[in-house]
Amino acid sequence: MQLRKPPPVRVRGKGTSTTVKAVPRFLTCFVGRISPDVAEEDLTGMLEEKGILGVRCKKIEPKNGRTYSTAAFRVSCSVMYESIFYDESSWPEGAELRDWYFVNNNGGH
């Protein structure tokens, strides 16, 4: 199965409307190599201290009873915090970020 890239955005609106609103875009990343004792609230608090508001952190639970020596999270925030979010100094040394890979499970529709 070959994955297709979405077409590039040609226009990003900057106008205003009283009746039609756009949905804010979010960045979503896999964050790995985090100490297993770190809770969702700890990671959320750390990113809020860096200036990222409205961040969402969800700890990824291993499947099939597996255990790992590190923890991983799904982390999302508004695209307006992109420069802080992708800044290496915003993360503990050794943490790894990768863009979240979304899978289309509805048959390609």
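The values are calculated or read from the model by the stated rules, or taken from the named source; none is laboratory data. Keep in mind it's a predicted model, so treat the numbers as computed, not measured. Quick reminder, even Gly has a Cβ in these numbers, built from the backbone with ideal geometry, and neighbours come from all protein chains shown.
Kindly provide the set of residues from region 35-73 that are of a type in the set (Phe, Trp, Tyr) and surrounded by 14 or more Cβ atoms within 10 Å (Cβ to Cβ), ordered by number.
Once the filter is applied, which keeps residues that are of a type in the set (Phe, Trp, Tyr) and surrounded by 14 or more Cβ atoms within 10 Å (Cβ to Cβ), region 35-73 yields only PHE73.
Just the residues that are assigned to a loop (DSSP other than H, G, I, E, B) and closer than 30 Å to ASN104 by Cβ, please, taken from region 41-52.
Listed by number, the list holds a single entry, ILE52.
Without any contact (Cβ under 8 Å) to a residue 12 or more places away in the chain and over 22 Å from ASN105 (Cβ atoms): which single residue out of VAL31, VAL38, VAL9 fits that description?
VAL9
Which ones in region 12-28 are within 29 Å of SER90 (Cα to Cα), β-branched (Val, Ile, Thr) and without any contact (Cβ under 8 Å) to a residue 60 or more places away in the chain?
VAL23
Exactly one condition in (1) in contact with a Cys (Cβ under 8 Å, 6 or more places away or on another chain); (2) not in a strand (DSSP E or B) is not met by SER17; state its number.
(1)
For region 74-109, enumerate the residues that are of a type in the set (Gly, Ala, Ser), surrounded by 10 or more Cβ atoms within 10 Å (Cβ to Cβ) and assigned to a loop (DSSP other than H, G, I, E, B).
Answer for region 74-109, where residues must be of a type in the set (Gly, Ala, Ser), surrounded by 10 or more Cβ atoms within 10 Å (Cβ to Cβ) and assigned to a loop (DSSP other than H, G, I, E, B): GLY94, ALA95.
Please find, among GLU96, GLU61, the residue that is among the acidic types (Asp, Glu), over 21 Å from ARG25 (Cα atoms) and modelled with pLDDT under 95.
Answer to the selection: GLU61.
I need the full set of residues from region 71-92 which are farther than 12 Å from LYS50 by Cα and of a type in the set (Gly, Ala, Ser), in order please.
Matches in region 71-92: ALA71, ALA72, SER76, SER78.
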